Amino acid sequence: MRNIFEAPFIKEIADTTANMYRLGWNERNGGNISMILDEQEIENYLDINRVIREIPLTVAFPNLAGKYFVVTGTGKYFKNIKDNPSLNIGIMRVSEDGSKMNLLWGYDDGGKFTSEITMHLGAHEKRLGVDENHRVVMHAHPTNLISMTHVHEIDDVKFTKTLWGTCTECIVIFPDGVAILPWMVSSSDNLGLVSSEKFKDFRILVWALHGMTVTGTSLDEAFGLMETVEKAADIYMHIVNCKVKSSITDEMLRQVCNDFHLETKKGWL
Ligand code: 13P
Ligand code: ZN
């Protein structure tokens, strides 16, 4: 067996979470990440038949049975993952009936997966339905994005178009737009299930007065979406109280879509 602490997927999660912490997106235990792993990817590092313990889910996901995930632990700090991955993250397989996670490695202090697990597994299920290469769900609390939800209308089209209007590349990076949900209690199955529905049509979901969740085929891709939306929100918060003299119109957005061959949601432009 190879040393799991040197596995590329552990290093990549450690580096990504350290970077997110450094950017101020993940204070204390704020935020969580889950990523699908291939069996072949982990067999070199773990005995996949040795289950350390079973952790029940509050919502079952039979469609994900047998899938492997690495997931950040509830209450754990992103800033600590790099120095102590096996305490702060876990590797699990979804049980045959989808009602439990079989822990194969990690959560050394008896901990468990993030309290947002229903949203994560629901998002994985829905994104896999539209993209077989989907792998990552990433949740964080970026400052400008949260600030923006205090002062902006909570509406998918209006919120997206404000973000697209802040700088030209936004529509290129997320032509499929941003979904936004009004405030709801964190870590609840209700929030998880309502959110999952949004991931049928979107890769980016904003929770008003809370934060943002993005999905992607890799940690890099998910991270790129998050930093682009947060940058757009940063620009918006800089200009919202200024006398604006120049802005990106729908016609300009249409020109970008034509030149870059982008498809946006029907009727949004
Ligand atoms: P966890 O510590 O359970 O992952 O929760 C953090 C969070 O961001 C809740 O929305
Ligand atoms: Zn959160």
Answer yes or no: is there a residue in region 120-132 that is of a type in the set (D, E) and under 25 Å from I48 (Cβ atoms). yes
Might you let me know whether region 64-74 holds any residue that is part of a strand (DSSP E or B), aliphatic (A, V, I, L, M) and out of contact with any helix residue (DSSP H, G or I) (no Cβ under 8 Å at 6 or more places or on another chain)? no
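This table checks each residue for (1) in contact with a Leu (Cβ under 6 Å, 6 or more places away or on another chain); (2) β-branched (V, I, T).
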position: K11; (1), (2): no, no
position: G30; (1), (2): no, no
position: S34; (1), (2): no, no
position: I52; (1), (2): yes, yes
position: T58; (1), (2): no, yes
position: F78; (1), (2): no, no
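So, of the residues in region 120-143 that are among the hydrophobic types (A, V, I, L, M, F, W, C) and away from ligand 1 (no atom under 16 Å from the Cβ), which turns out to be least open to solvent (accessible area, probe 1.4 Å)?
L128
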List pairs: first residue in region 144-163 and more than 11 Å from V229 (Cβ to Cβ) and open to solvent by less than 30 Å² (accessible area, probe 1.4 Å), second residue hydroxyl-bearing (S, T, Y) and part of a helix (DSSP H, G or I) anywhere in the structure, Cβ distance under 7 angstrom, at least six positions apart or on different chains. H152/T162
Just one of (1) touching a helix residue (DSSP H, G or I) at 6+ places or on another chain (Cβ under 9 Å); (2) touching a residue at least 40 places away in the same chain (Cβ under 8 Å) trips up D97, so point out which. (2)
In the list M184, M226, which residue meets the criterion of being free of Cβ contacts under 8 Å to residues at least 60 places away in the same chain and within 15 Å of ligand 2 (Cβ to nearest atom)? M184
With the condition kept exactly as written, say whether any residue in region 48-71 is within 16 Å of the chain's Cα centre (by Cα), of a type in the set (S, T, Y) and open to solvent by 10 Å² or more (accessible area, probe 1.4 Å). no
Please go through region 77-126 and pick out each residue that is in a loop (DSSP other than H, G, I, E, B) and within 17 Å of the chain's Cα centre (by Cα). Y77, T114, S115, E116
Quick one: would you say T166 is within 16 Å of ligand 2 (Cβ to nearest atom) and touching a Phe, Trp or Tyr at 6+ places or on another chain (Cβ under 7 Å)? no
Which of the residues that make up region 96-116 are under 13 Å from F61 (Cβ atoms), open to solvent by less than 10 Å² (accessible area, probe 1.4 Å) and out of contact with any Pro (no Cβ under 6 Å at 6 or more places or on another chain)? M101, F113
Checked region 184-235 for anything touching a Leu at 6+ places or on another chain (Cβ under 6 Å), open to solvent by 10 Å² or more (accessible area, probe 1.4 Å) and more than 14 Å from A123 (Cβ to Cβ); matches are M184, E230
Mind checking whether some residue in region 75-88 is open to solvent by 50 Å² or more (accessible area, probe 1.4 Å), under 21 Å from S186 (Cα atoms) and modelled with pLDDT of 95 or more? yes
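The values are calculated or read from the model by the stated rules, or taken from the named source; none is laboratory data. Note that this is a predicted model, so its numbers are computed, not measured. Note that each Cβ is placed from the backbone with ideal geometry, even for glycine, and that neighbours are counted across all protein chains shown. To get the accessible areas, we keep the full protein, side chains included, count just its heavy atoms, and leave off ligands, DNA and RNA. Shrake-Rupley method; radii C 1.70, N 1.55, O 1.52, S 1.80 Å.
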